[in-house]
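Take a look at the structure below.
Quick note: the coordinates plus some simple rules give every number you see, no bench work behind them. Keep in mind that what you see is a predicted model, and the values were worked out from it rather than measured. Reconstructed Cβ throughout: ideal geometry from the backbone, glycine too, with neighbour counts over all protein chains shown.
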Amino acid sequence: MPDILILDQISKQFDQTSVINHLSFEVEEGEIFGLLGPNGAGKTTLVNIITGLLDASAGAVTLFGNYAPGDAYARANIGLASQSLALYEDLTAIENLQFFGRMQGLTGGNLDAAVKQALAGVGLTDKADQRVKHFSGGMKRRLNLAVAILHQPKLLILDEPTVGVDPQSRNAIMESILHLRDQGHTIIYTTHYMEEVEKLCDRVAIMDKGQLIALDSVNGLLQAHGDNYHIRYSQDNQIHNTETDNPLATIRELLESEQPADISSLSVQSPTLEQVFLNLTGHQLRDG
């Protein structure tokens, strides 16, 4: 797959404070690319640089082969659902989408079709005529996503799209994102929620204090930087704990022992991205 986005040695300073330091990576067409890091890691600043809302202090951003963030083609093919909701509370859901659709150059039947598709894509068709001020936080986040996908962008950037939402809305948003990927959209997804990264992302870049700490698939990160599997079992009324990099072999040994019937319970804890982050940075993700 060709690269939709190439970052080459991106840095950003505000006054004398360095927010991003020599960041380089590529995002491939058709993937969900996760940016994982604590609040203050530089994720939102990086998103603003990619979309052209901020200029980098150093380095180069290349979009869609040979375009810069400020170019008209790049702007027309990026959709952004920012952390700050961009909605008019006194308008209905459909009125919000019609307004933003016209700003994106959609008119007539194309606008009507885009609005209908966007509402269906985020599961809000039955709420189309309700005023946004009566929406829950999760419904507003879903409508915010609908605004971002109205013009069918090649690159969709979602900055903490599930912050402050209920579990039902979070699941609905994640299902919508997977559906968008299946439709061919490339997605950059920033979050500090491990479970979202594990469910959604093809590859993950871990950021901390403005630096790229690691980049790989979830499985690649777990294998390279995670802890061993932790096995806990009860035998002869005693609790036993052991660590292993091959849980199947260890369980097989237990079951083939002289008294396997005495094992009354057994559980396996897999390596986690939280452990990966701790091993790489020396602190918990939520501490950031």
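In terms of surrounding Cβ atoms within a 10 Å radius of their Cβ, 190, 242, 17 rank from fewest to most as 17, 242, 190.
In the stretch 46-167, the inverse of the mean reciprocal separation of distinct Cα atoms equals 15.1 Å; this is its Kirkwood hydrodynamic radius.
The lysines within cross-link reach of residue 154, meaning a Cα-to-Cα straight distance under 28 Å and a gap of 8 or more places when in the same chain, are 12, 43, 116, 127, 140, 199. Each principal axis of the Cα cloud of the chain was evaluated for its coordinate range; sorted largest first, these ranges are 76, 47, 35 Å. Peptides 245-257, 138-150, 47-59, ordered by how many other C-beta atoms sit within 10 Å of their residues on average, highest first, read 138-150, 47-59, 245-257. Per residue, the chain reaches -10000 deg cm²/dmol at 222 nm when only DSSP H runs of four or more residues are counted, each adding -39500 (n - 2.57). The mean sequence separation of alpha-carbon pairs under 8 Å and at least six residues apart, normalised by the residue count of the chain, gives a relative contact order of 21 percent. What shape does the stretch 228-270 have by the C-alpha gyration tensor, where a ≥ b ≥ c are the square roots of the eigenvalues, rounded means a/c under 1.5, and otherwise prolate means a/b greater than b/c and oblate the rest? Note, shape of the stretch 228-270 comes out oblate. Evaluated with a Cβ-only charge set (Lys, Arg +1; Asp, Glu -1), the chain carries a dipole of roughly 1200 debye about its Cα centre, given to the nearest 20.
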